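The structure under discussion appears below in the form of structure tokens.
The values are calculated or read from the model by the stated rules, or taken from the named source; none is laboratory data. None of the values given here were measured: they were computed from a predicted structure. As a convention, Cβ positions derive from the backbone with ideal geometry for all residues, glycine included, and neighbour counts pool all protein chains shown. The accessibility values were calculated without ligands, DNA or RNA, using every heavy atom of the protein model including side chains. Shrake-Rupley method; radii C 1.70, N 1.55, O 1.52, S 1.80 Å.
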Amino acid sequence: MIAKPRREPEPATPRPRPTRISGDQTREKILNAAEALFAAGSFDSVSLRDITLKAGVTLALASYHFGSKDALFEAVVARRADVLRRMREERFAALEAFQVRELLDAFMAPLFEKASSGEPGWSEYLRVLARLGEQERWVELLSRHFDSTARKFLEALQQSLPGADPGETARAFLFVLEAMLKAVSQHGRLDNLTGGAARARDLKKAYPTLLAFAVAGMESVSRSPSR
């Protein structure tokens, strides 16, 4: 009996190794999915599994890139905070003098530009951002990613408001920040209060009103009698 020749096994096709580009793309997919879910729900209502299902990746990949849900949430906040910081500091550097209106415009306009830009993710991000000031648990997160620039503007505002108490200047500035975030979150209460005569989504109309309101509020601090 003639033995059949042995058939050599075909060499296995090597699996492609992950590249820096594919790793960056995976990271962005996870960040985008997390941003959308945190905007629609809340930090506590969204799980890592929810995020990986939306992103179409494994839990292991999410853990590899971010480690934990807390770290992922901070990465979501930090990603666009860096964009806003650069825009604000460029405007700050271009100021010829420290005046209340010009300082507030330099600080707030970048947020409204991004909110109105139609660029993917910004509307979701701003809803996430608007919630950060609602709970004490996020104070340190806000500090890490926003306070260095906020302090620079606050110091300049103090210079432009001679005689104002520094603590009250800071308090008034925080009131401005809260109003700014509420405006860009496009909360529908305005639509209900006005019967649709004014729309929360109309940020082009909202911004001049907010700026005038903020300037008047900040300037009133220097005129307020000290206690």
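Note on K205: lysines with a C-alpha under 18 Å away, same-chain residues under 8 apart excluded, are K114, K182. Along the chain, the longest continuous region that contains none of the GluC sites (Glu not before Pro) in a DSSP loop with at most 15 other C-beta atoms within 10 Å is 1-95.
If I fit a long axis through the Cα atoms of helix 139-160 and take the longest principal axis of the Cα atoms of the chain, what angle between them do I get, 0 to 90°, rounded to 10? The helix 139-160 is inclined about 30 degrees to the chain. Take the Cβ atoms of Q25 and Q159, set R0 to 45 Å, and the FRET efficiency comes out at 0.50.
Between R189 and L174, the simple spin-label model (points 7 angstrom out along Cα→Cβ) gives 1.9 nm. For the chain, the dipole from Cβ point charges (+1 on Lys and Arg, -1 on Asp and Glu) about the Cα centre works out to 900 debye, to the nearest 20. Would you give the gap between the C-alpha center of region 158-227 and the C-alpha center of region 117-140, rounded to a whole Å? The distance from the Cα centre of region 158-227 to that of region 117-140 comes to 18 Å.
Rounded to the nearest whole Å², what accessible area per residue is found for region 100-227 with the 1.4 Å probe? I get 57 Å² per residue for region 100-227.
Could you work out what % of the accessible surface of region 70-227 is carbon and sulfur, using a 1.4 angstrom probe and leaving DNA, RNA and ligands out of the count? List each step's numbers first, then the result.
Numbers: 4570 of 8910 Å².
Ligands and nucleic acids excluded, carbon and sulfur give 51 percent.
Over all other residues within a Cβ to Cβ distance under 14 Å of G188, the charged ones net out to +3, with Lys and Arg as +1 and Asp and Glu as -1.
The D50 and E219 beta-carbon pair, evaluated with R₀ = 45 Å, returns a calculated FRET efficiency of approximately 0.45. Each stretch of four or more DSSP H residues adds -39500 (n - 2.57); spread over every residue of the chain, this sum gives -23000 deg cm²/dmol at 222 nm. Approximating the spin labels as points 7 Å out from Cα along Cα→Cβ, the A97-to-L141 distance works out to 4.1 nm. Calculated from the structure at hand, Rg and Dmax of the Cα atoms in Å is found among [x] 16.9, 49; [y] 19.4, 62; [z] 24.4, 113 as [z]. For the pair E134 and E90, label points projected 7 Å from Cα toward Cβ lie 3.2 nm apart.
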